[in-house]
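Taking it in order: structure first as structure tokens, then the write-up.
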Amino acid sequence: MITGMIQNRAGYQGGTRGRGGFTIIEVLIVLAIIVALTGLIGVAVFSRRDDAKKDTAKIELNTIKNALKLFQMDFDRWPTDQEGIKVLWDKTALDSDADATRWKKYLTEPLPKDKWGNEWGYRQKSERGDESMFDLWSFGPDKQDGTEDDITSWGAAAGGEGPMEEVPSGSRSAPK
């Protein structure tokens, strides 16, 4: 009896055809789905990467802004346009040797460029509000002056507090 069941199972076709694998159409459909999902995920990841770079640039701008405030407290002035932000990490950038005795390292790591490889824009006297303040900016990912993706300090610097703002389109001079 047992041998009969084994023979029946082994030889049973039951009206269905046995499958040996996937057809080429099935494989192509699966590959198309994988490619589509990879594309969607890639777009989302790169979009988040761009947002993360922009947020990091805003944090760096705020760090530089705070270091400038410390410099101003020690020297009772903002760095000159010639000194720029380099004076925050490099003593040799000071215009006056007399100031060298009061100088401290205001930034532990140099931040000469923004996240897109451009030098930070700095101006000792603000052209965007209170002239007793400074201007600090990045042209952002498009590297163009006066576009919506520019990252600036004048919204926060003018009021003394507040979040960093992106600047609406407009023009301003490039750093000297």
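The values are calculated or read from the model by the stated rules, or taken from the named source; none is laboratory data. A quick note: this is a predicted structure, and the numbers were derived from the prediction, not measured. Ideal geometry is used to build each Cβ from the backbone, glycine not excepted, and the neighbour counts take in all protein chains shown.
Some notes on this structure:
- Residue 52 meets the conditions (1) more than 15 Å from residue 135 (Cβ to Cβ); (2) outside any helix (DSSP H, G or I) in every case but one. The failed one is (2).
- On the stretch given as segment 18-48, residues that are among the hydroxyl-bearing types (Ser, Thr, Tyr) and under 27 Å from the mean Cα position of the chain (by Cα) total 2.
- Only one of 91, 53, 113 that is in contact with an Asp or Glu (Cβ under 7 Å, 6 or more places away or on another chain) and modelled with pLDDT under 95: 113
- Checking residue 73 against (1) at pLDDT 90 or above; (2) touching a strand residue (DSSP E or B) at 6+ places or on another chain (Cβ under 6 Å), the condition it does not meet: (2)
- For residue 113, the criteria (1) in contact (Cβ under 8 Å) with a residue 24 or more places away in the chain; (2) among the basic types (Lys, Arg); (3) within 12 Å of residue 64 (Cβ to Cβ) hold in every case but one, which is (1).
- Single condition residue 64 does not satisfy, out of (1) in a helix (DSSP H, G or I); (2) in contact with a helix residue (DSSP H, G or I) (Cβ under 6 Å, 6 or more places away or on another chain); (3) among the hydrophobic types (A, V, I, L, M, F, W, C); (4) more than 14 Å from residue 134 (Cβ to Cβ): (4)
- Check on residue 107, at pLDDT 85 or above, in a strand (DSSP E or B) and touching a helix residue (DSSP H, G or I) at 6+ places or on another chain (Cβ under 7 Å): no
- Scanning segment 125-154 for residues that are out of contact with any helix residue (DSSP H, G or I) (no Cβ under 6 Å at 6 or more places or on another chain), surrounded by fewer than 18 Cβ atoms within 10 Å (Cβ to Cβ) and closer than 22 Å to residue 78 by Cα returns 125, 127, 131, 132.
- For segment 93-117, a tally of residues being surrounded by fewer than 10 Cβ atoms within 10 Å (Cβ to Cβ) and under 23 Å from residue 149 (Cα atoms) returns 1.
- Residues (part of a loop (DSSP other than H, G, I, E, B) and either loosely packed, with under 13 Cβ neighbours inside 10 Å or more than 27 Å from the chain's Cα centre (by Cα) (or both)) located in segment 72-88: 76, 77, 80, 82
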